[in-house]
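Notes follow once the structure below has been shown.
The values are calculated or read from the model by the stated rules, or taken from the named source; none is laboratory data. Since the model is a prediction, treat every value here as computed from it, not as a measurement. Heads up, the Cβs are rebuilt from the backbone with ideal geometry, glycines too, and the neighbour counts pull from every protein chain shown. Calculation scope for accessible area: heavy atoms of the full protein, side chains included, ligands and nucleic acids excluded. Shrake-Rupley method; radii C 1.70, N 1.55, O 1.52, S 1.80 Å.
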Amino acid sequence: MRIRFTFLTLVITAFVACQVHADPWIRHTIDGSSRGADGVRTSDVNGDGLTDLTTGWEEGGVIRVYLNPGAEKAKMPWPAVTVGTVKSPEDAVFADVDGDGAVDVVSSCEGKTRRIFVHWAPTNPSDYLSEEKWQTQSLPCAEIDQMWMFCLPMQVDGKNGVDLVVGSKGTNASIGWLQAPANPRDVAAWTYHRLYDAGWIMSLIARDMDADGDLDVLASDRKGPSRSVLWLRNPGPTEAANNTPWTVNRIGATDREVMFLGVGDNQGEFAGSIIAACRGSGFALLSPPDWSLTDIPMPENCGTGKGVAVRDIDLDGHTDIVFTCENATGDKSGCRWLTRDASGRWLDHEISGPEGVKFDRIELLDLDADGDLDLITCEERTNLGVIWYENPAR
């Protein structure tokens, strides 16, 4: 029987990761048609109750949408459409930007492009997979020489539909928000509000951090003097519209290179906690209410941490850690999961095996409808593409 550990026990106890040998999970390819798949985002865009996907292919320069075909066909390539062609896309996310009921896609571009684009979806649902029906426009207010890395659609000012919280990297990097005008199709009328001077933004997550009823922004800043896990306090819709500053609150991990974040749900050992994959130093578990930090080591023979998520993977009622890596060269693994045994040791379990080098952020969904969570991610160095790994728990 396994023992539950309190957050205090986690904080004061050091754990050593030990490998439990297991075969890799079966990998299925959703799309391998381009180059450099760079992160996957989710939404049910056609209202069929199934979660659909979008991603940007950084080297291929295309933004693609994938419609979930259901459990019986999920192991085959998914129905897909190229919704736009842009250079150096780093992120793509679903949002009904103009409020017409058709779910659009917003892409964020780095490199020399340094723009944010809206890919307008066709209004007729039957045209959603028709490439020629999609239209792409740049938002001029974001053409301000920033390498855009991530976009979080979020209602900020309480009017005119969804706004866009955006983060960038490099010189002049920031977290800011793009304010939607009365007519969101009037791209010249969008305005940019700078909130925070950044180094390299990885995650942006909408979360009510202070329980005041509105959504704040949880973020990971990877580089520079302000690197840390942090959150920006939303001052409220009226205040935000009037350019009231958003207070910066440092949570922790200021001494390491934080990558993507995972957030605990409302139950289990990690309830309310935040975990950061850290390049070169395993994982930083930040536990409320005082955000005490627990170091969790990276298992041997893995790459460097990139994506992370916390859920019950083996259906034993305890919360596990799923992670992806960059730099998983040679025989190193790029995707594994961690659990604790009765003595408190972290045990690591294989997912990907040695195939693949540079993986990205994680989505956990039950794609084959067998009752356990499968892993969805991208791999961009060896062009495995948009992929999912079939959880063998059931």
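Details
- Taking every DSSP beta bridge that has both ends in the chain, the antiparallel portion is near 95%.
- Each of 209, 365, 175 was scored by the projection of its Cα onto the charge dipole of the chain, and the greatest displacement toward the positive side belongs to 175; charges sit on the C-beta of Lys, Arg, Asp and Glu.
- C-alpha center-to-center spacing [segment 110-147, segment 194-225] in angstrom: 24
- Residue-level accessible surface for residue 360, protein heavy atoms, 1.4 Å, Å²: 10
- Placed amide H near residue 129: partners under 5 Å, 5+ positions off or other chain: none
- Within segment 163-278: Cβ-based charge dipole about Cα centre, in debye rounded to nearest 20 (Lys, Arg +1; Asp, Glu -1): 500
- In straight-distance terms, cross-link reach from residue 332 covers every one of the lysines whose alpha-carbon lies under 18 Å from its own, apart from those fewer than eight places away in the same chain; here that gives 306, 358.
- Rounded to the nearest 20 debye, dipole of the chain from Cβ charges on Lys, Arg, Asp, Glu: 1080
- Rounded to the nearest 10 Å², the accessible area of residue 147 at probe 1.4 Å: 40
- Every helix of 4 or more DSSP H residues in the chain counts as -39500 (n - 2.57), and over all residues that averages to -500 deg cm²/dmol at 222 nm.
- Surface composition of segment 254-344: carbon plus sulfur atoms contribute 45% of the solvent-accessible area (1.4 Å probe, protein chains only, all chains present).
- Ranked by the mean number of other Cβ atoms within 10 Å per residue, highest first, peptides 97-105, 306-314 order as 306-314, 97-105.
- Averaging the sequence gap over all C-alpha pairs within less than 8 Å and six or more residues apart, then dividing by the number of residues, gives segment 241-385 a relative contact order of 15 percent.
- Whole-number accessible area per residue in Å² for the chain, which is evaluated in the context of all protein chains at 1.4 Å: 39
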